[in-house]
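Data first, discussion second: the structure below is written as C-alpha cells.
The values are calculated or read from the model by the stated rules, or taken from the named source; none is laboratory data. Values in this document were obtained by computation on a predicted structure and should not be read as measured data. As a convention, Cβ positions derive from the backbone with ideal geometry for all residues, glycine included, and neighbour counts pool all protein chains shown.
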Amino acid sequence: MSHKIAVPLHIRQLMALMEQAGYECCAVGGCVRDSLLGVTPQDWDLCTSARPEQTIACFAAAGCRTIPTGIRHGTVTVLWDGEPVEVTTYRIDGSYSDSRHPDAVTFTTALEVDLSRRDFTINAMACRADGVVIDLFQGQQDLSLGRIRCVGNPRRRFEEDALRILRALRFASRLDFTLDTDTGLAAIALRDRLREIAPERIWHELTGLLAGKAAGRSLAEYFPVLQVVFPDELTLQGWRKGAGLLQNLSSTVARLAMLLWQGSGLTESSALEELGLRFCRMLRTQRQIKQQLSRLLWQLGQPVPQSMPQLRRLAGVLGTELSLNLAQLWCAVGQKEAGKRLESIVDQGECVCIRQLAVTGKELQQLGFSKGPSLGKMLEWLLELVMEGKLENTKEALLAFAAAQQKKGC
C-alpha cells in the first residue's frame with residue numbers, strides 16, 4: 001500500500017501550473033525517499049511529460065525565469081520565487097560507452113519508463129501534488145527492510161554507470177542499510193569498472209560513504225570493491241580491523257587515516273605519510289585533505305607522548321582540528337590516557353603557541369626588548385615555560401619574568 005507524503009506548497013504550485021498546461025508532473029527520487037524516512041528533503045526534483053522547450057514555454061508564460069542547466073538530458077531549472085527547482089523530462093537512457101553517462105537520451109511521455117531507468121528502488125519512487133507515492137518497484141518495501149536494491153538487473157545498472165557501485169555503498173552507509181544479495185554480488189563482480197571513473201567522482205562518493213553512520217560495516221563487508229580505489233598494500237584483516245574502529249572517529253580525515261594505518265600495517269612515519277600522499281594523488285583530493293591526512297599518518301608512526309608538556313608542544317604543531325583527530329585515533333586503539341589529555345588541552349584552550357600567550361611582543365618592547373631576534377627568543381622562552389607548567393599564563397607572571405630577565409641582560 002502506497003503512503004502519502006507532505007509536498008511543500010511551492011512544489012504543489014509548480015506542479016499545478018504544468019498540469020494546467022496539460023502535462024504530467026511528479027516529484028521524484030531523493031525527496032520522496034527522504035520524506036518516507038521522516039527526513040526533510042534538501043531539495044525537490046520534478047519530472048514531467050513535457051519536453052524541455054515545453055517546460056520553458058510553460059513557465060515563461062507564467063513569468064518565471066528558467067535556466068537550461070542540462071537541456072540535452074532534459075533538465076531545466078525553474079526559479080520559483082527565487083528558489084531553483086530542477087524539472088526533467090521523462091526519458092530513456094541510451095547506451096553507456098564510458099561506464100558513466102548515457103551517450104544519448106530519448107524523451108518519453110511515460111513515467112513508468114523513466115522510473116525504470118533509475119539506479120535503486122528507493123530512488124525510483126515518485127509522487128504527485130496530492131502526496132500519494134507512486135512505487136512501481138517496491139521501493140517502500142525495501143525502505144522498511146533496510147535494503148539497497150537495484151531497479152531491474154543489477155549487473156546492467158552497474159554496467160551502465162559503474163559509479164552506482166559506490167553510490168550503493170554510500171546509501172547503505174548513510175541509511176544503515178544492507179545491499180540486496182544480487183546487488184552486492186554484482187557490485188563485487190563489476191568492481192574493476194570503477195577504474196574507468198574519474199577520480200574526483202570516486203572521491204565524492206567515498207567521502208559520503210565514510211561519513212555514514214554505518215560506514216564501518218559497509219566498508220568491512222565490501223573490501224573487494226573498495227580495494228579498487230585504495231592503495232594495493234591494504235590487507236583484508238587490517239582493513240576490517242580499521243573499519244571496526246571507525247565509529248569512534250568523527251571526521252572523514254580521521255576515518256581515512258585509520259583505514260590506511262590499520263589496513264597497511266605500516267609502522268614507520270615516512271612510509272605512512274607516503275601512503276597518505278599516494279592515496280590523495282590517486283583520487284586527486286583537495287590540498288587540505290592531502291596535508292591533514294599525511295600529517296596524521298606521519299604522527300601515527302611516532303611514539304605516543306605521555307607527558308603534558310610533550311602533548312602541549314604537539315598540539316601547538318598540529319593545531320586544533322588535527323589534534324582532536326589524533327586524540328580520537330589514539331583513544332580508538334587503546335591509547336586513551338594520551339588521547340584524553342590531548343583532547344583536554346584543546347578543549348580547555350591551554351596555551352600551546354605564542355599567540356595564546358597572555359602578553360604580546362609590543363608589551364615586551366615596552367619593557368625594553370628591542371624588536372628582532374631577542375624579542376622572538378623571549379616569547380619562545382615564555383611559551384616553553386608555560387607549556388612546562390613552570391610559569392602561569394597570566395600577564396602579571398609573564399611580564400614579571402621577562403622584566404627580571406631584562407635586568408639580568410638576557
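Listed here are the residues, each with its yes/no results for (1) in the same structural domain as Leu245 (by TED's automatic domain parsing); (2) crowded, with 19+ Cβ neighbours inside 10 Å; (3) within 14 Å of Pro154 (Cβ to Cβ).
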| site | (1), (2), (3) |
| --- | --- |
| Leu169 | no, yes, yes |
| Ser173 | no, yes, no |
| Asp180 | no, yes, yes |
| Leu185 | no, no, yes |
| Ile188 | no, no, yes |
| Asp192 | no, no, no |
| Leu206 | no, yes, no |
| Leu209 | no, yes, no |
| Ala220 | no, no, no |
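Before we move on, is Leu342 free of Cβ contacts under 8 Å to residues at least 60 places away in the same chain, under 20 Å from Asn248 (Cβ atoms), out of contact with any helix residue (DSSP H, G or I) (no Cβ under 6 Å at 6 or more places or on another chain) and in the same structural domain as Gln247 (by TED's automatic domain parsing)?
Taking the combined requirement at face value, the residue does not satisfy it.
Residue-wise test of (1) of a type in the set (A, V, I, L, M); (2) out of contact with any strand residue (DSSP E or B) (no Cβ under 9 Å at 6 or more places or on another chain).
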{"position": "Arg147", "(1), (2)": "no, no"}
{"position": "Arg157", "(1), (2)": "no, no"}
{"position": "Thr183", "(1), (2)": "no, no"}
{"position": "Ala189", "(1), (2)": "yes, yes"}
{"position": "Arg195", "(1), (2)": "no, yes"}
{"position": "Ala198", "(1), (2)": "yes, yes"}
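Given the conditions (1) surrounded by fewer than 14 Cβ atoms within 10 Å (Cβ to Cβ); (2) hydrophobic (A, V, I, L, M, F, W, C); (3) touching a Phe, Trp or Tyr at 6+ places or on another chain (Cβ under 9 Å), and given that Leu375 satisfies all but one, which numbered condition is not satisfied?
(1)
As an exercise: evaluate Leu364 against (1) crowded, with 16+ Cβ neighbours inside 10 Å; (2) in contact with a helix residue (DSSP H, G or I) (Cβ under 8 Å, 6 or more places away or on another chain); (3) closer than 30 Å to Ser251 by Cβ and give the number of the one condition it does not meet.
Among (1) crowded, with 16+ Cβ neighbours inside 10 Å; (2) in contact with a helix residue (DSSP H, G or I) (Cβ under 8 Å, 6 or more places away or on another chain); (3) closer than 30 Å to Ser251 by Cβ, Leu364 violates only (3).
Take residues that are within 30 Å of Asp176 (Cβ to Cβ) and without any contact (Cβ under 8 Å) to a residue 60 or more places away in the chain and tell me which of the helices (runs of 4 or more DSSP H) falling wholly in region 1-86 contain 2 or more.
30-36
Can you say whether Val132 is surrounded by fewer than 16 Cβ atoms within 10 Å (Cβ to Cβ), under 30 Å from Ala16 (Cβ atoms) and without any contact (Cβ under 8 Å) to a residue 24 or more places away in the chain, as far as the supplied structure shows?
Criteria not met by Val132.
Please specify each residue of region 75-123 satisfying the condition of being among the small types (Gly, Ala, Ser), in contact with a strand residue (DSSP E or B) (Cβ under 8 Å, 6 or more places away or on another chain) and at pLDDT 90 or above.
Matches in region 75-123: none.
Give region 230-251 a look and list any residue that's buried (at least 20 other Cβ atoms within 10 Å of the Cβ) and closer than 21 Å to Met282 by Cβ, or say none.
Phe230, Leu234, Trp239, Gly242, Ala243, Leu246, listed by residue number.
Report, by residue number, each residue of region 363-379 that is closer than 16 Å to Ala400 by Cα and either assigned to a helix (DSSP H, G or I) or not assigned by TED's automatic domain parsing to the domain that holds Gln406 (or both).
Within region 363-379, Glu363, Leu364, Gln365, Gln366, Leu375, Met378, Leu379 meet the criteria.
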